[in-house]
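Quick notes on the structure that follows.
The values are calculated or read from the model by the stated rules, or taken from the named source; none is laboratory data. Only a predicted model underlies this, so the values are computations on that prediction, with no experimental measurement involved. No Cβ is skipped: glycine too gets one built from the backbone with ideal geometry, and neighbour counts run over all protein chains shown. Keep in mind that these areas ignore ligands, DNA and RNA; they rest on the heavy atoms of the full protein, side chains included. Shrake-Rupley method; radii C 1.70, N 1.55, O 1.52, S 1.80 Å.
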Amino acid sequence: ASLSQISQISEKEAIEKVRQLPEVKNYLAKVPNAHIQVSSFDEESGTYSIQVFEVKDNHTATFGWWEVEKISGKVKKSI
């Protein structure tokens, strides 16, 4: 099967998967103005790199990074 025939998740869906993680939900409850964004997409591995962060005093305070596989939708914490 070609890649176009396989169900793939969008950036929006990848962000939503990260948003639903318990630790991210807890963080968002404490930091309601936090951001979740796709920082990059790696073609080779087929993964989105998602950053969860807040902007504080003109700098970015990162809570964490996650990788979301575009094909499987599998989420894993990055270092």
Any chance VAL75 is touching a residue at least 40 places away in the same chain (Cβ under 8 Å) and touching an Asp or Glu at 6+ places or on another chain (Cβ under 8 Å): yes
VAL24 surrounded by 13 or more Cβ atoms within 10 Å (Cβ to Cβ) and within 17 Å of LYS76 (Cα to Cα): yes
Hits in the range 27-42 (condition: open to solvent by less than 70 Å² (accessible area, probe 1.4 Å) and touching a Phe, Trp or Tyr at 6+ places or on another chain (Cβ under 6 Å)): TYR27, VAL38, PHE41
Matching residues, the range 43-79, being open to solvent by 80 Å² or more (accessible area, probe 1.4 Å) and acidic (Asp, Glu): GLU43, GLU44, ASP57
Elements of type strands (runs of 3 or more DSSP E) in the range 23-79, at least 2 residues being aromatic (Phe, Trp, Tyr): 47-56, 59-69
